[in-house]
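*Asks:* Quick one: the structure is below, and I'll ask about it shortly.
The values are calculated or read from the model by the stated rules, or taken from the named source; none is laboratory data. Because the structure is a prediction, the values reported are computed rather than measured. Ideal geometry is used to build each Cβ from the backbone, glycine not excepted, and the neighbour counts take in all protein chains shown. Note: areas computed on protein heavy atoms with side chains; ligands, DNA, RNA excluded. Shrake-Rupley method; radii C 1.70, N 1.55, O 1.52, S 1.80 Å.
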Amino acid sequence: MSNRLATQASLYLQQHAANPVDWWPWSAEALALARAEDRPILLSIGYSACHWCHVMAHESFEDAEIAARMNRLFVNIKIDREERPDLDKVYQLTHQLMNRQGGGWPLTVFLDPQNLAPYFSGTYFPPEPRHGLPGFGALLEKLEQAFRAQRQDISQQRAHLDQVFRQLTPPPAALPDAGLLATTVQQIQGDYDELHGGWSGAPKFPHPVTCEFLLAQAGAAGRQQVRQTLSQMAAGGLFDQLGGGFFRYSVDARWEIPHFEKMLYDNGQLLKVYALTYAEFRDPRMLATIERTIAWLEREMADQSGLFSATLDADSEGEEGRFYAWDHAELEAVAGADWALLRDAHGLAGTPNFEGRWHLRAPSPDMDNQQAERLRACHSRLFAAREQRVRPGRDHKLISGWNALLAEGLFAAALACDRPAWGELGSQILKALHTQHWRDGRLAAVSQTGTVGGPGYLDDYAFSLQAIVLGLQWRWDSQLLQWGCAMADAMLEIFAGDGALYFSAADPDLIHRPVPFIDEALPSGNGIAAQALLALGDLLGEPRYLQAAEGILQAASTALTRYPTSHLSLLLALANLQQAQPTVILRADAAETNAWRAQLPAPARMYCIPADSPGLPAGLAGKTAAAGPLAYLCYRGR
C-alpha cells in the first residue's frame, strides 16, 4: 500500500510513499483535519539527499509499531524543504529559539493544530533511547499527553513567539560607516586556518561568500587566504577527484572526508569564486577545477529541459559514500601494474581514511611527466570501474534560484577564462527559466517531472536577477534586460517590507514571514537583491532600484553592525553603495569587444552593447557610437 505522498512530484515525498505512516503533504486539507479533530500535527521536514533523513525513515517511519502510534496520535505532515523553504525557515527558526541550538534535517516539529505554533521540536530521533536522545516511539506518547495536559500553556506559545519574531528585525537605521568593512576583513583574516585553509574548524564548510568578500575587500594577504583555501579544497576529499564536483562539506578540518551529497547550489557558488580567483592569480589549478566541475555538471546533473537537477544523494546501496570510497583490494586490482604509483601518489599505504575504505585526495604533484600520464590513465580506469557501481540517487527537481546561481557561476567562468561555451550554457539556463518558470510576470520556485510548482521565493528572484545582470555583461541581450527589469519590479512588489524584503509572499498559514539577512548555505536573499538592484540601477541610471537597495541596507544596518561576518552579501552591497563600482558601457561591434575587455582590470563591470541593438531604454539609447567604438565610464548611472 501507499499513502498520499505517492501522487506528489517531490522525490523526497515519494521516498516516504510506502511508509505505513498516514502521511499528508502540507495542504489546506491536512490542516483542516487536524483542527477539526483537534489532533496535534507531527511535522517532518527533510530532503531527498539527506543521509540522516534516510536513517530516521528506515528506523522509525518504516516501523509498523511506531507508525501506528503516529497515525493514532497525530496528523502527520511531510515537507520537502527544497519545495517549501519558507516553512523550513520558519520552523528551523522556532527550533533554534526553543532549544537554543542549531537545527538541521530531518527536522521534527510538533504543532498546535489551532495556531500552528510548535510546542516541541528536535532533529533526528532514534527508535529507542540512544546517545542521550529519547526513543521516538516513547516520545510520541509523551508529547501527545503533554498536548492534552498543558493545553493552555501550549496555546499561549504562539503569542510568545509572535513577540519574539517582532524583536528579530529591528527598525531601519543609519548605514554603518566605511570602517565596518575594514574591521570585518581583519576579523575574518584573524580566524583563518593557516594549516588547512578556511575559517573554521570541523565540520568545515566552503563559505564561498567569505571568499568573494575577501577578494573584493581585502589586501594581498586576504586574497592569498582565498587562494590557499580554494587550492586546499580542490586537493582534498571535498572535491571528487575522479568525477569532478564538490561535496557538501568536510566532516574534518583538513577537507579530507566529506558529507557525500552533492548540491547544485554549492557548485554554482563555487564556480563563481574559483573564476574570480583565477582572474586574480591565473592559477592553472583553479582553471582545472572549474573545467572538471562543469564537466561533472553537464555529465550528471543536466536535465533535458535545459535546467540542472538539484542534488545527488550521499547514499547508495544503503551506505553513505558507498559510490565514492574504495576497498584496498579494488584499488590494487584496477591499478594493476600502476598500483605502486597510485599508492604513493595518493598516500594509500596506511590505514584507510573512511570507515575501512579509501576516499581519494588529490595526488602528490611530485612526479615526472611520464608518471603523471600513467596516473591519469589509472584514474580513467578507476572512473570507468566506479561507473559500474549502483549510483547515488539524483533528485530531478529543477529549482529556479539554484539554477540561477549556476548560471551566474558559468557567466563568471566564461568571462574570467574566455570560454564562450560556458557562457552559452549559462544563457541556456536563463532561457529555460524564462520559458518554463516565468508565468504571467511571476517566477515559479520549482518544476518536477514537467509540472511547475508554486510561487517563487525571494532567493529565486534575487539570484535570477543577479544572474541576468552578469549575463548581460557576458553578452548583451535587450530582451534579457527587459526580463531583468520585470524580475526586479515583481520582486520589489511581492516581497516588499519595511525597507528590506520578506523571504516569501504573504500566506495565512505561515506563523512568521522571515526577513533573511544572514548568509547561510545560500547567500542572503536581501544581500543578493541589494547587489543586483545596485548593478541594474547603475546600468540604467534608475533611482528607484538604487533607492530600493539602500532601503534594504538601512533595514539591515543593526544586524550588519552587530554581526558583520554573518552578513557578507549585504556588506558587499554596502561597499558598492558607499563607493560606486565604475560601469563601462561600450557601444561597438561584438568583434571589437575582446580587445577592450583585455584592457580592463578583472572583474570589471562592462556591458558591450552592439551599435545596432534594438529596444534600448532611453538612458542607454542615448549612449551611441556614431563612428567606431565608443566607451562610457559611468558612476551611479551617470
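*Asks:* Give me the percent relative contact order of the chain, please, defined on Cα pairs under 8 angstrom at least 6 residues apart.
*Replies:* 11 percent
*Asks:* Same structure again: Could you give the length gained on full extension between Arg4 and Ala621, defined as 0.36 nm per residue of separation minus the Cα-Cα distance, in nm?
*Replies:* Net length gain for the segment: 216.6 nm.
*Asks:* Mind listing the long-range amide H neighbours of Phe120? Cut-off is under 5 Å, sequence gap 5 or more, other chains count too, H placed in the peptide plane at 1.01 Å from N.
*Replies:* Correct list: Phe110.
*Asks:* Once amide H atoms are placed 1.01 Å from N in the peptide plane, what residues at a sequence separation of 5 or more from Leu586, or on another chain, have their amide H within under 5 Å of its amide H?
*Replies:* The answer is Tyr607, Cys608, Ile609, Tyr632.
*Asks:* Give me the aspartates and glutamates in straight-line cross-link reach of Lys78: C-alpha distance below 13 Å, same-chain residues under 8 apart excluded.
*Replies:* Within the straight-line cut-off, Lys78 pairs with Asp22, Asp88.
*Asks:* Rg and Dmax of the chain, using alpha carbons, in Å: what are they?
*Replies:* Final numbers for Rg and Dmax: 25.5, 83 Å.
*Asks:* Which of rounded, prolate, oblate describes the range 369-497, given a ≥ b ≥ c as roots of the alpha-carbon gyration tensor eigenvalues and a/c under 1.5 marking rounded, otherwise prolate only if a/b is larger than b/c?
*Replies:* It is oblate, given that a/c is not under 1.5 and a/b is not larger than b/c.
*Asks:* So for the pair Glu592, Asp418, with labels modelled 7 Å out along Cα→Cβ, what separation do we get in nm?
*Replies:* A separation of 2.0 nm, rounded to one decimal place.
*Asks:* Mind checking which lysines have their C-alpha under 18 Å from Lys262, skipping anything on the same chain fewer than 8 residues away?
*Replies:* Counting by Cα, and skipping residues close in sequence, Lys262 has these lysines nearby: Lys204, Lys272, Lys397.
*Asks:* Leaving out ligands, DNA and RNA, and with a 1.4 Å probe, what % of the accessible surface on the chain is carbon or sulfur?
*Replies:* It is 51 percent, rounded to a whole number.
*Asks:* Next question. How would the range 148-198 be classified by its alpha-carbon gyration tensor: rounded, prolate or oblate, with rounded meaning a/c under 1.5 and the a/b versus b/c comparison settling the rest?
*Replies:* Cα axes put the range 148-198 in the oblate bin.
*Asks:* Just subtract the alpha-carbon distance of Arg151 and Thr449 from 0.36 nm times their residue separation and send over the number in nm, one decimal.
*Replies:* Extra length available between Arg151 and Thr449 comes to 103.0 nm.
*Asks:* Another question about this same structure. What is the mean projected area of the alpha carbon convex hull for the range 187-340, to one decimal in square nanometres?
*Replies:* The directionally averaged projection comes out at 10.9 nm².
*Asks:* A further question on this structure: Let me know the shape class of the range 17-57, please: from the alpha-carbon gyration tensor, a ≥ b ≥ c as square roots of the eigenvalues, rounded when a/c is under 1.5, otherwise prolate if a/b is greater than b/c, or oblate.
*Replies:* Because a/c hits 1.5 or more and a/b exceeds b/c, the range 17-57 counts as prolate.
*Asks:* Here's a follow-up. Keeping every protein chain present and rolling a 1.4 Å probe, give me the accessible area per residue for the range 447-514 in Å².
*Replies:* Counting only protein heavy atoms, the per-residue value for the range 447-514 is 34 Å².
*Asks:* A further question on this structure: When only C-alpha pairs under 8 Å and at least 6 residues apart count, what is the relative contact order of the range 387-428, in percent?
*Replies:* 30 percent
*Asks:* What 222 nm value per residue comes from the helices of the chain, counting each DSSP H run with n ≥ 4 as -39,500 (n - 2.57) and dividing by all residues, nearest 500 deg cm²/dmol?
*Replies:* Dividing the helical sum by the residues of the chain leaves -15000 deg cm²/dmol.
*Asks:* Oh, and also: Could you list log10 I(q)/I(0) for the range 308-455 at q = 0.12 Å⁻¹, which the Debye formula gives when each Cα is one point scatterer?
*Replies:* -0.75
*Asks:* Then there's this: Debye sum, Cα scatterers, the range 362-408, no solvent: what log₁₀ I/I(0) at q = 0.13, 0.21, 0.24 1/Å?
*Replies:* -0.62, -0.78, -0.84
*Asks:* While we're looking at this one, here's another question. Binning every alpha carbon pair distance of the range 51-132 at 10 Å from zero, what are the percents per bin?
*Replies:* With a bin width of 10 Å, the distribution comes to 16, 49, 33, 2.
*Asks:* Applying a 10 Å radius around every beta-carbon, put 553-566, 43-56 in order of their mean neighbour count, most first.
*Replies:* 43-56, 553-566
*Asks:* Give me the accessible area per residue for the range 517-623, probe 1.4 Å, as a whole number in Å².
*Replies:* So the range 517-623 comes to 39 Å² accessible per residue, rounded to a whole number.
*Asks:* Still on this structure, please answer the following. Tabulate in residue order the Karplus-calculated ³J(HN,Hα) for the range 161-168, using 6.51 cos²θ - 1.76 cosθ + 1.60 with θ = phi - 60°, rounded to whole Hz; enter x for Gly and Pro.
*Replies:* 5, 4, 5, 5, 4, 5, 7, 6
*Asks:* Obtain the nm distance between the two label points defined at Glu128 and Glu62 by a simple spin-label model: each point lies 7 Å from its Cα along the Cα-to-C-beta direction.
*Replies:* 1.8 nm
*Asks:* Also, quick follow-up: For Ala178 and Thr351 in one chain, what is 0.36 nm times their gap in residues minus the Cα-Cα distance, to one decimal in nm?
*Replies:* 57.2 nm
*Asks:* With every protein chain left in place, what is the accessible area per residue of the range 153-292 in square angstrom, probe 1.4 Å?
*Replies:* I get 38 Å² per residue for the range 153-292.
*Asks:* Follow-up question, since we're still on this one. Under the Karplus relation 6.51 cos²θ - 1.76 cosθ + 1.60, θ = phi - 60°, what is the ordered set of whole-Hz ³J(HN,Hα) values for the range 12-23, x standing for Gly and Pro?
*Replies:* For the range 12-23, the Karplus-derived couplings read 4, 5, 5, 4, 10, 5, 9, 4, x, 6, 7, 6 Hz, x marking Gly and Pro.
*Asks:* Antiparallel versus total DSSP beta bridges in the chain: what percent is that, nearest 5?
*Replies:* If I count the DSSP bridges inside the chain, around 70 percent turn out antiparallel.
*Asks:* Something else now. Quick check: the distance between the Cα centres of the range 267-338 and the range 114-146, to the nearest angstrom?
*Replies:* Result: 38 Å between the Cα centres.
*Asks:* Moving on. Please identify the cysteines of the chain that lack any partner cysteine with a Cβ under 4.7 Å from their own Cβ.
*Replies:* Result for the chain is Cys211, Cys378, Cys417, Cys485, Cys608, Cys634, no neighbouring Cys Cβ within the cutoff.
*Asks:* Sketch the reach of a paramagnetic label on Asp283 as a point 7 Å from Cα along Cα-to-Cβ, and name the residues of the range 222-256 whose backbone nitrogen lies under 14 Å away.
*Replies:* 222-236
*Asks:* When the Karplus curve 6.51 cos²θ - 1.76 cosθ + 1.60 is applied with θ = phi - 60°, which whole-Hz ³J(HN,Hα) does each residue of the range 428-443 get, with x for Gly and Pro?
*Replies:* So the Karplus estimates, Gly and Pro as x, are 4, 4, 5, 5, 5, 4, 5, 6, 9, 10, 9, 10, 6, x, 9, 9 Hz.
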